[in-house]
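**Student:** Have a look at this one.
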Amino acid sequence: MPSLTHQALAWALPRLRRSRDLDSPEAERARLERWHVGTVGRPLPTNAVPRFARRFSVVREEVPTDGGSFASYVLTARGTSPTRTVVYVHGGGYTAGIDPFHVRYAARLADRLGVRVVLPDYPLAPEHTWRDSHDALIRLAAEWGERSPGGTVLAGDSAGGGLALALALSLRDRDLPQPDRLLLHSPWVDLSTSTPETEAFDAVDPWLFLGKLRAYAAWWAGSPDDLARPEVSPALGDLAGLPPALVFQGTRDLLTPGTRLLVRRAQEAGWPLTYVEEPDLLHVYPLLPLVPEARRAWRRTEEFLR
């Protein structure tokens, strides 16, 4: 049974974030475009990390794309010289940027594991599709693979977890430097929503909504023909030859059927994937503050990445 703290967050978090399904794809698109205008050029949101500036160093780098560039933040704990790099790809349904709790989790990785954490702030839907950043993100991951004698980890949550897996597939297929581990929190790995159980999970998830899921997937794919591509829905790709992975998933989560599909296909492909499924826990529960279940997930993560 979930802890009382988790139950309280499961009630409060959707209300604090005003979670609701979309009225229409057109209205949602207009809302997101207005919101994105207001977030252009914002600094890295560090307010969830006490004394951040004293404890951590951040360097902003520009990642070139065919149509311009996007920011990537390199975070290290002060007084350390990391040789290992975690490329952490943030979630947010491909429509929201880096959140304070992404920074909080990245800071914990840097502090506790002594790693460098790279946070790419990739272009968002609906203005952009996967094609606008995929090659640039591959180059970014490959470059850090070459620059990190201690190896690299590709990690992410939700949409970022799916994108991290998609990048691992592309790195493998292009014979580029591979990460030595994958860490995925409630990853969105099937944007085609091919799993018929998804509608049943829509009824129990207080945070994610099927209407938004379908609209966001369509915008990120850019074309119905691209929804099943491995760059968009990596669970449907060839999973053989990937590095060991650790995947966390709660079952009060609309993305659970897609993650279970990934696990089944990983077993068929012989991919060494460790799957941790927790009953009745929220989407991306390992990133939630204060909950015992997140602390348990963190202990598994430390063991896996050390």
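**Student:** Residue separation times 0.36 nm, minus the C-alpha to C-alpha distance between Trp298 and Tyr275: what's the value? Numbers along the way, then the final one.
**Tutor:** Values: separation 23, 0.36 × 23 = 8.28 nm, distance 1.41 nm.
Net length gain for the segment: 6.9 nm.
**Student:** Choose one of Val63, Leu137, Val117: the residue whose Cα lies farthest towards the positive end of the charge dipole of the chain (beta-carbon charges +1 Lys, Arg; -1 Asp, Glu; about the Cα centre).
**Tutor:** Val117
**Student:** Shifting gears a bit: Please name which of Leu13, Ala218, Val89 has its Cα lying farthest along the dipole of the chain towards the positive end, using unit charges on Cβ (Lys, Arg +1; Asp, Glu -1) and the Cα centre as origin.
**Tutor:** Value: Leu13.
**Student:** Another question, if that's okay. Calculate one ³J(HN,Hα) per residue across region 287-303 by plugging θ = phi - 60° into the Karplus curve 6.51 cos²θ - 1.76 cosθ + 1.60, and present them in order as whole Hz with x for glycine and proline.
**Tutor:** The phi angles translate into 8, 6, x, 6, 8, x, 5, 5, 5, 4, 5, 5, 4, 5, 5, 4, 4 Hz.
**Student:** May I ask you to order 126-133, 155-162, 84-91, 46-53 by the average number of other C-beta atoms within 10 Å around their residues, highest value first?
**Tutor:** Numbers: 126-133: 19.0, 155-162: 28.0, 84-91: 24.9, 46-53: 13.8.
Peptide ranking by packing, descending: 155-162, 84-91, 126-133, 46-53.
**Student:** Can you run the Rg to Rh ratio on region 1-156? Use alpha carbon positions and the Kirkwood inverse-distance Rh. Present the calculation step by step, with values, prior to reporting the outcome.
**Tutor:** Details: Rg = 17.2 Å, Rh = 17.2 Å.
In region 1-156, Rg relative to Rh is 1.00.
**Student:** Then there's this: Peptides 93-100, 227-234: what's the order by average Cβ count within 10 Å, highest mean first?
**Tutor:** Highest to lowest by the protection proxy: 227-234, 93-100.
**Student:** Please report the accessible area of Trp271 (heavy atoms, 1.4 Å probe, ligands and nucleic acids excluded) in Å², nearest 10.
**Tutor:** 10 Å²
**Student:** By per-residue mean of other Cβ atoms within 10 Å, what is the highest-first order of 35-43, 286-294, 187-195? Could the numbers behind the result be given before it?
**Tutor:** Working: 35-43: 10.2, 286-294: 18.2, 187-195: 23.7.
Result, highest mean first: 187-195, 286-294, 35-43.
**Student:** Skipping prolines and chain starts, which residues have an amide H placed within reach, meaning under 5 Å, of the one on Ala245, given they are 5 or more residues away or on another chain?
**Tutor:** Placed amide hydrogens put Leu182, Leu273, Thr274 under 5 Å from Ala245.
**Student:** List the residues, sorted by chain then number, that are 5 or more residues from Leu254 or on another chain and whose placed amide H is less than 5 Å from its amide H.
**Tutor:** Under 5 Å from the amide H of Leu254 lie the amide H atoms of Leu208, each far enough along the sequence or on another chain.
**Student:** Distance from a point 7 Å along Cα→Cβ of Ala203 to each backbone N in region 6-21: keep the residues under 19 Å and list them by number.
**Tutor:** Of the residues in region 6-21, 21 have backbone N under 19 Å from the label point off Ala203.
**Student:** Still on this model: How far, in nm, would the chain grow between Asp23 and Met1 when pulled straight, counting 0.36 nm per residue and subtracting the alpha carbon separation?
**Tutor:** Stretched fully, the Asp23-Met1 segment lengthens by 4.5 nm.
**Student:** Rounded to the nearest 0.05, what FRET efficiency do Asp173 and Arg108 give with R0 = 25 Å and r taken as the Cβ-Cβ distance? Could you check? Walk me through the numbers on the way to the answer.
**Tutor:** On the way: r = 32 Å, r/R0 = 1.27.
It comes to 0.20.
**Student:** Could you calculate the contour length gain from Trp35 to Arg264, that is, 0.36 nm times the residue separation minus the distance between their Cα atoms, to one decimal place in nm?
**Tutor:** Numbers: separation 229, 0.36 × 229 = 82.44 nm, distance 3.78 nm.
Extra length available between Trp35 and Arg264 comes to 78.7 nm.
The values are calculated or read from the model by the stated rules, or taken from the named source; none is laboratory data. These numbers come from a predicted model, not from an experiment. As a convention, Cβ positions derive from the backbone with ideal geometry for all residues, glycine included, and neighbour counts pool all protein chains shown. SASA here: full protein model, heavy atoms, side chains in, ligands and nucleic acids out. Shrake-Rupley method; radii C 1.70, N 1.55, O 1.52, S 1.80 Å.
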